[in-house]
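The structure appears below as structure tokens.
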Amino acid sequence: MNPVETSIIIRTFNEGKHLTRLLEGILAQEYKDREILIVDSGSTDNTLDIARRYPVKIVNVRKEDFSFGYSLNMGCRNAAGEYLVFVSAHTYPLNNRWLSNIIKPFEDPKIGMVYGRQIGNDVTKISEEKDMRNNFGEKSRILVEESFGNNANAAIRKSLWIETPYDEKLPGIEDIDWAHRIQKKGFYIYYRADAVIYHIHEETYRQIYNRFKREAIAYKTIFPDYHFKAGKMAIVYMLAVLKDMYFGFSQKKPLKKILTSIPYRYAEYCGCRNGYRHAGSLNQFLRNELYFPGKNRSIVISGENKHRIEEGDIPAIAQDEVLISVSYVGVCSTDLDILDGKLDYYKSGWASYPIVPGHEFSGIVAAAGQGVHGLNAGDKVVGECILGCGACEHCRQNQPISCKERKEVGVLNFNGAYSRYLKIPARFVHKLPDDASLEKACLIEPLAVSIRGVNKLLRGEDNRPGKVAVLGCGTIGNLCAQLMSSKGHEVTAFDHNPLRIKGIKKGSISGRTEITGLKDFDYIIEATGQSDVLEKALCESATGVKILLLGLPYGSVEFNFENLVAFDKAVVGSVGSTKLDFTQAIAKYAKLDLESLIQNIFPLEDYEAAWIQHKSGQVVKAILRMNGV
């Protein structure tokens, strides 16, 4: 004989707001032959503290193992009752007869599942209130062929569960799937209209979208013959808005509440559409997004010398985009120029605040759009900075920097990688080897810039080794010095900061803190962006020298260009990088000595300290860690 007749199973995740009311409502029931089980999925609020004040059994499941079916099966496995009652943690009974009413139909041995009525309260959105009235009417009935059930307020026979456990792979509507399967075995579903609970949904529209998306993914699995027709369903949802409004006005609801129908139905439509379009299994990110929708955290520059950390929804991606869980992002002087308002994009009005900076990044693909090929969740990746339109003449000639419609990640009208999650068109994303170091990989973007510059500097030159002066040993200067050294040139690096010199003096690379003797060099790479250093390079360099300008911004410099011609000097400018440069950088970065550039990694929350130490030269390179790696 079972020690209790009925086991009540409550799934929880951060349900502290409503759990007390539910437990008090259960204890007040007339029916007493029961036990209460809490199946918790890693709550971080006061849920478990509340639960321990009551006579309940707590079953813990790991957040990463969660699915609705898995947590239900864990509860059922630990339950002693003949009947298993499921109730949502954000519900409470209408009266003290709820429990006895929901198990009463089991007196008929052909009843395999019972589900009860759900009603809303003052916070229930108008669309959901109308749906509850449609789905949970005032009259009880038996469902013979129609497959429906709702585990927010339901009961089943444990003997049937032993034969037919819940499907743990489904991301939702596991109750409908279970009802469908036991009906095939000859059992009936009973809707009990007098087993009533208040169901309190206080969802954001993003959470509503996620709910309908996971249910659509599951529905497609359960009923594979069903086909979602986006155009037809768009009309259905528009009609639903009109019906919601008619219902709201007929019930004399406030206009503000009635108008919530528009974003609610839009979230429902988009969730269903994208759920039906989903292909393949759920990766860990999508599982977390659907079950435990978290927040994105970003560092936002909102104006000159104004910045803050903001929380928002994780970006939704289009079919041709990927969502990247950013691992590391390098602090670049361009980021600080944006902060200080010095960058010409912002002075001219082409770019505007607010902007999430950061263009030197590495990460892991969290999700890929339906139209993306060659990139999958879990892939290690980096991304380009300059995003050309892809259609203009400049883009077709692999010169996206000249594209008038271009955007630049974290710089020009495109939010960057100072963020836990970054969405970006897949055509600008490059896959890395599985064993790639993501710490070092965030340096691939500046390496691509350096490779482009060095290739332009040496274009048309013979392969004879020459003497090279690198002015400025920040990230770009460091990488250029190593590239030129790897090509057999004798490199002298100049920087007033001994720490940077120490990080670069290796092999054929020597270092000095004072810029002198520029007439001794065949090539000069200017990587400081300082106008006085540029003037020195132009005026004090040797006849026949070739000068590469990589630093930004220079401002205005007075110079007699007759000296360039008279002394056979050549000046080459270079900015940004292309897809080809990235390909070369990915092949090259593991062969360079990047240790001095990855020594100072700061958590996202310490970004101000990273900026200060980078700007003051206390560190050679500051890198932000955006997600746990």
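Structure data summary
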{"read-out": "Which numbered condition LEU99 fails, given (1) touching a strand residue (DSSP E or B) at 6+ places or on another chain (Cβ under 6 Å); (2) not in a loop (DSSP other than H, G, I, E, B)", "value": "(1)"}
{"read-out": "Which numbered condition ILE162 fails, given (1) open to solvent by 40 Å² or more (accessible area, probe 1.4 Å); (2) within 22 Å of PHE223 (Cα to Cα)", "value": "(2)"}
{"read-out": "Filtered residue count, segment 194-253, keeping only those that are in a helix (DSSP H, G or I), over 30 Å from LYS17 (Cα atoms) and open to solvent by 70 Å² or more (accessible area, probe 1.4 Å)", "value": "10"}
{"read-out": "Condition met for ASN151 (closer than 28 Å to HIS278 by Cα and in contact (Cβ under 8 Å) with a residue 60 or more places away in the chain)", "value": "yes"}
{"read-out": "Residue list for segment 554-565, filter: touching a Ser or Thr at 6+ places or on another chain (Cβ under 9 Å) and either under 22 Å from GLN399 (Cα atoms) or among the aliphatic types (A, V, I, L, M) (or both)", "value": "VAL557"}
{"read-out": "Hits in segment 81-91 (condition: open to solvent by less than 30 Å² (accessible area, probe 1.4 Å) and either over 34 Å from the mean Cα position of the chain (by Cα) or among the basic types (Lys, Arg) (or both))", "value": "GLY81, TYR83, LEU84, VAL85"}
{"read-out": "Qualifying residue in segment 70-79 (condition: part of a helix (DSSP H, G or I), in contact (Cβ under 8 Å) with a residue 12 or more places away in the chain, in contact with a Pro (Cβ under 8 Å, 6 or more places away or on another chain) and closer than 21 Å to GLU202 by Cα)", "value": "no"}
{"read-out": "Selection within segment 513-535 - modelled with pLDDT of 90 or more and charged (D, E, K, R)", "value": "GLU514, LYS519, ASP520, ASP522, GLU526"}
{"read-out": "Segment 436-468 - residue that is part of a loop (DSSP other than H, G, I, E, B) and out of contact with any strand residue (DSSP E or B) (no Cβ under 7 Å at 6 or more places or on another chain) and, of those, least open to solvent (accessible area, probe 1.4 Å)", "value": "SER437"}
{"read-out": "Single residue of ILE58, ILE38 found to be assigned to a strand (DSSP E or B) and surrounded by fewer than 19 Cβ atoms within 10 Å (Cβ to Cβ)", "value": "ILE58"}
{"read-out": "Check on ALA51, crowded, with 22+ Cβ neighbours inside 10 Å, touching a strand residue (DSSP E or B) at 6+ places or on another chain (Cβ under 8 Å) and over 28 Å from ILE182 (Cα atoms)", "value": "yes"}
{"read-out": "Filtered residues of segment 95-118 (kept if touching a Pro at 6+ places or on another chain (Cβ under 6 Å) and either more than 26 Å from GLY186 (Cβ to Cβ) or open to solvent by 40 Å² or more (accessible area, probe 1.4 Å) (or both))", "value": "none"}
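The values are calculated or read from the model by the stated rules, or taken from the named source; none is laboratory data. A quick note: this is a predicted structure, and the numbers were derived from the prediction, not measured. Note: ideal-geometry Cβ built from the backbone for every residue, glycine included; neighbour counts use all protein chains shown. For the accessible areas, the whole protein counts, side chains as well, though only heavy atoms, and no ligand, DNA or RNA atoms are used. Shrake-Rupley method; radii C 1.70, N 1.55, O 1.52, S 1.80 Å.
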